[in-house]
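Below is one structure; the comments refer to it alone.
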Amino acid sequence: MSADWSLDPFVLEDPDATAFEDNRLAQLLEHWRSLARVGDLPPAEAIEPTALVFILGWLMIVDPLDGGADFKYRLYGSSIAAVTGRDLTGCKVSDSFPAFAAFTSAVYRNAMRDRRPVLTRHSPPKEIVVARWERLILPYAASDGSVARFLVGAVALGMRTVEKRRLPWPLRDEPG
């Protein structure tokens, strides 16, 4: 992958609606805030696709594995898969580009600990047609109150003019 690539990460915990470049993420945050709670978080069962049609193809459902040692894409949105050239449903974050996997896993672990929404932006490698991603990570609770799942809105902020191709998996170069 691109040797000259920079992730250029941005992270904002507990954003308000004005923080987003894409208004669908602000709408997703307001939806999450309107849900009933199990303690301080909505229950994982409250993820209802019919209420999320405004952003449906741009959503991921991510499950923590082994207390946050890794994370698995339970659902990888169809629009995300279309622009990245790969459906990662069932795949682990750790199998992605190493810099991205480290950044994303750290954000998810912090969201598990702090139990708050997180807004991120980052630049993917040049092999990806998306110029920049904006993501909203929303924690949901299990019946025991622990973070069981994340609903993640991930929208493209601009596209590059590169040939779109199916990416190999795993994306990391080193053995895992």
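What is the gain in length, in nm to one decimal, between Met159 and Arg74 on full extension, counting 0.36 nm per residue of separation less the C-alpha to C-alpha distance? Can you show the working numbers first?
Details: separation 85, 0.36 × 85 = 30.60 nm, distance 2.56 nm.
Result for the pair: 28.0 nm of gain on full extension.
For the chain, what does -39500 (n - 2.57) per DSSP helix run (n ≥ 4), summed and divided by total residues, give at 222 nm, in deg cm²/dmol to the nearest 500?
Values: 3 runs with 36 residues, N = 176.
Theoretical 222 nm ellipticity from helices: -6500 deg cm²/dmol.
Once the dipole of the chain is set up with Lys and Arg at +1 and Asp and Glu at -1 on Cβ about the Cα centre, which of Ala148, Ser6, Ala17 lies farthest towards its positive end?
Of the options given, the answer is Ser6.
Starting with the highest mean, order 24-36, 119-131 by the number of other Cβ atoms within 10 Å, averaged over the residues of each peptide. Write out the running numbers ahead of the final one.
Details: 24-36: 16.5, 119-131: 18.6.
Order by mean packing, descending: 119-131, 24-36.
What does the extension gain come out to for Leu35 and Leu12, with contour length at 0.36 nm per residue minus their alpha carbon separation? Spell out each step's value before the answer.
Numbers: separation 23, 0.36 × 23 = 8.28 nm, distance 2.16 nm.
Roughly 6.1 nm would be gained on extension.
Relative to the longest principal Cα axis of the chain, at what angle does helix 23-34 sit, 0 to 90 degrees, rounded to 10?
The angle comes out at about 30 degrees.
Once the Cβ-Cβ distance between Arg109 and Asp144 is put in as r, and R0 is 22 Å, what FRET efficiency do you end up with, to the nearest 0.05?
Working: r = 18 Å, r/R0 = 0.84.
FRET efficiency, Arg109 to Asp144: 0.75.
Which of the peptides 15-23, 41-49 is most tightly packed, and how do the rest follow, going by the mean number of other Cβ atoms within 10 Å of each residue?
Working: 15-23: 13.8, 41-49: 16.6.
Highest mean packing first, the order is 41-49, 15-23.
By per-residue mean of other Cβ atoms within 10 Å, what is the highest-first order of 107-113, 134-140?
Details: 107-113: 18.3, 134-140: 23.0.
The densest-packed peptide leads the list: 134-140, 107-113.
No value in this document is a laboratory result; all are computed from the given coordinates. The structure presented is a predicted model; accordingly, all values stated were derived computationally and were not measured. When we count neighbours, we look across all protein chains shown, and the Cβ atoms used for this are built from the backbone with ideal geometry, even at glycine.
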